[in-house]
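Okay, structure first, notes after.
The values are calculated or read from the model by the stated rules, or taken from the named source; none is laboratory data. Only a predicted model underlies this, so the values are computations on that prediction, with no experimental measurement involved. Cβ coordinates were reconstructed from backbone atoms using ideal geometry, including for glycine residues, and neighbour counts include every protein chain displayed. Keep in mind that these areas ignore ligands, DNA and RNA; they rest on the heavy atoms of the full protein, side chains included. Shrake-Rupley method; radii C 1.70, N 1.55, O 1.52, S 1.80 Å.
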Amino acid sequence: MTATLRIKGERLQQRIAQLAEVGAIDGGGCARLALSDEDKAGRDLVCDWMRELGLSLTVDAIGNVVGTRAGRVPAAAVMTGSHIDTVRTGGRYDGNLGVLAGLEVIASLNEAGIETERPLAVAFFTNEEGARFAPDMMGSLVFTGELALDEALQTKGIDGSTVADNLARIGYDGTAPTPAAAPHAFVELHVEQGPVLDREGIEIGVVESVQGISWTEIEILGTSNHAGTTPMSLRRDAGWAAGSIISFVRELAQEFGGDQVATVGRIEFFPNLVNVVPNRAVLTVDLRNTDEALLQRAESRLAAHLDALRDAEKVEINTRKLARFAPVPFAPEMTDRIERHALAQGLSTRRMPSGAGHDAQMMAPVCPTAMIFVPSVDGISHNVREYTHPQHIEAGANVLLAVLCELAGATLPAGEPT
């Protein structure tokens, strides 16, 4: 890697801004739910950029797109990338930065006339967010063989339509096989989506692991009745039971402390009328921890609370597991490499876990994998106000460039210092 080869920050910022125009919403954010019309438009734009950079494109049966720059030998590629789907009120950096920084690395190497021994690949994976179809990281799960293709294709989304139907509708039901051949290595650049780096004034997060994730959908069935005439002692109130769960999971996280977090992110009441005791409530519980044993303990405590609630309130409670991922450690030689290149560029670093799930955690079992974090201002993400300073974006992309060049075996132009 040279001391002079750098990405062009302005060009990367321009691509980020252009992609943000696709599915733009008030406040500067984006809404590109997976396999929606907006997602198709974003995919089309990124694929056009890939072709302009001379990458050969493949699309697999779950819609993952991989653009590959040939190396001197037909070996397994060094891969980078992320996702371009968003939540309904998403920002412009989450996922997008990792894909577009990968393209900027390719553009920089093309301009400098630098070849690599191994191929370099930039990927964007389908339905990383899981906002429309559960589970999240669906595309990378299928890519690595952790989720059966047929099961993924038949998954119904929040609107009742299937993954298969929508892939065909937007024209991204590809033919490349799944699971795919494992890359030589995988490196993902991402915004932190949390406050640690920004609060501590650190430029590069060296991500050592991704915490475990447990998503559960809970259905509570009670009895509809008049809100004014039904005594409290005689109610089978699904709404009250839902409120008890919300309170319990927050108290649980506070009791555990450390890295334990717990969230109820979605709730629905039926019939959802001001003067009717709800007869049905559906809510989701998101539990996360960096320690698998503690995550299992939190899950057991939640199950015990549901059992007690069922008996005390005379309601029926059904659960459905939406996603379950154990904590994933990243390869030490990969995290060491990221830290070394960041420090060589004069950047401050911090080793840390990731609180959010990422495609990289699905790649970790099949190849050496690691992640680079850059700060999120005020730790805000999944929000139109998500923002990362241009200098931090450029710094993260330059570290990515250095790491990918080393992994892929870059050949420098004659006379270029090493």
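Okay, here's what the table says:
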{"quantity": "Matching residues, the range 8-39, being open to solvent by less than 10 Å² (accessible area, probe 1.4 Å) and on the phi < 0 side of the Ramachandran plot", "calculated": "Leu12, Ile16, Leu19, Ala20, Gly29, Cys30, Arg32, Ala34, Asp39"}
{"quantity": "Any hit, the range 158-171, residues being among the acidic types (Asp, Glu) and under 27 Å from Leu306 (Cα atoms)", "calculated": "no"}
{"quantity": "Boolean, Gly174 is in contact with a Gly (Cβ under 9 Å, 6 or more places away or on another chain), in contact (Cβ under 8 Å) with a residue 24 or more places away in the chain, assigned to a helix (DSSP H, G or I) and assigned by the TED database to the domain that holds His382", "calculated": "no"}
{"quantity": "Residues being closer than 13 Å to Ala323 by Cα and not in a helix (DSSP H, G or I) - total across the range 128-154", "calculated": "11"}
{"quantity": "The listed residue being at pLDDT 95 or above, in contact with a Ser or Thr (Cβ under 8 Å, 6 or more places away or on another chain) and open to solvent by less than 70 Å² (accessible area, probe 1.4 Å), out of Phe186, Phe248", "calculated": "Phe186"}
{"quantity": "Test: residue in the range 173-180 that is within 27 Å of Met79 (Cβ to Cβ), hydroxyl-bearing (Ser, Thr, Tyr) and modelled with pLDDT of 95 or more", "calculated": "yes"}
{"quantity": "Any chance Asp159 is open to solvent by 20 Å² or more (accessible area, probe 1.4 Å), touching a residue at least 60 places away in the same chain (Cβ under 8 Å) and either part of a loop (DSSP other than H, G, I, E, B) or charged (D, E, K, R) (or both)", "calculated": "no"}
{"quantity": "Residue count for the range 258-274, restricted to those that are acidic (Asp, Glu) and at pLDDT below 95", "calculated": "1"}
{"quantity": "The range 206-246, residues that are without any contact (Cβ under 8 Å) to a residue 40 or more places away in the chain and β-branched (Val, Ile, Thr)", "calculated": "Thr229, Ile246"}
{"quantity": "Filter result for Thr216 (outside the structural domain of Ala41 (by the TED database) and more than 23 Å from the chain's Cα centre (by Cα))", "calculated": "no"}
{"quantity": "Residue ID - most open to solvent (accessible area, probe 1.4 Å), chosen from residues in the range 320-345 that are basic (Lys, Arg) and touching a residue at least 40 places away in the same chain (Cβ under 8 Å)", "calculated": "Arg320"}
{"quantity": "Qualifying residue in the range 355-366 (condition: in contact with a His (Cβ under 7 Å, 6 or more places away or on another chain) and either of a type in the set (A, V, I, L, M) or at pLDDT 95 or above (or both))", "calculated": "yes"}
{"quantity": "Per-region count, the range 164-195, residues more than 18 Å from the chain's Cα centre (by Cα) and not basic (Lys, Arg)", "calculated": "21"}
{"quantity": "Filtered residues of the range 104-151 (kept if of a type in the set (Val, Ile, Thr) and more than 19 Å from Ala181 (Cβ to Cβ))", "calculated": "Val105, Ile106, Ile114"}
{"quantity": "Within the range 110-123, considering residues that are farther than 14 Å from Val78 by Cα and in contact (Cβ under 8 Å) with a residue 60 or more places away in the chain, the one most open to solvent (accessible area, probe 1.4 Å)", "calculated": "Gly113"}
{"quantity": "Which numbered condition Gly42 fails, given (1) under 18 Å from the mean Cα position of the chain (by Cα); (2) open to solvent by 20 Å² or more (accessible area, probe 1.4 Å)", "calculated": "(2)"}
{"quantity": "Exclusive hit being touching a Lys or Arg at 6+ places or on another chain (Cβ under 6 Å), aliphatic (A, V, I, L, M) and in contact (Cβ under 8 Å) with a residue 24 or more places away in the chain, set Leu5, Leu55, Leu45", "calculated": "Leu55"}
{"quantity": "Counted residues, the range 233-250 - those being in contact with a strand residue (DSSP E or B) (Cβ under 6 Å, 6 or more places away or on another chain) and closer than 16 Å to Asn275 by Cα", "calculated": "4"}
{"quantity": "Residue list for the range 355-368, restricted to those being closer than 20 Å to Ala397 by Cα, open to solvent by less than 20 Å² (accessible area, probe 1.4 Å) and not in a helix (DSSP H, G or I)", "calculated": "His358"}
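Each row is one residue, and each column tells you yes or no for (1) β-branched (Val, Ile, Thr); (2) in the same structural domain as Ala402 (by the TED database); (3) free of Cβ contacts under 8 Å to residues at least 60 places away in the same chain; (4) assigned to a strand (DSSP E or B).
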{"position": "Arg350", "(1), (2), (3), (4)": "no, yes, no, yes"}
{"position": "Pro353", "(1), (2), (3), (4)": "no, yes, no, yes"}
{"position": "Ala370", "(1), (2), (3), (4)": "no, yes, no, yes"}
{"position": "Asn383", "(1), (2), (3), (4)": "no, yes, no, no"}
{"position": "Thr388", "(1), (2), (3), (4)": "yes, yes, no, no"}
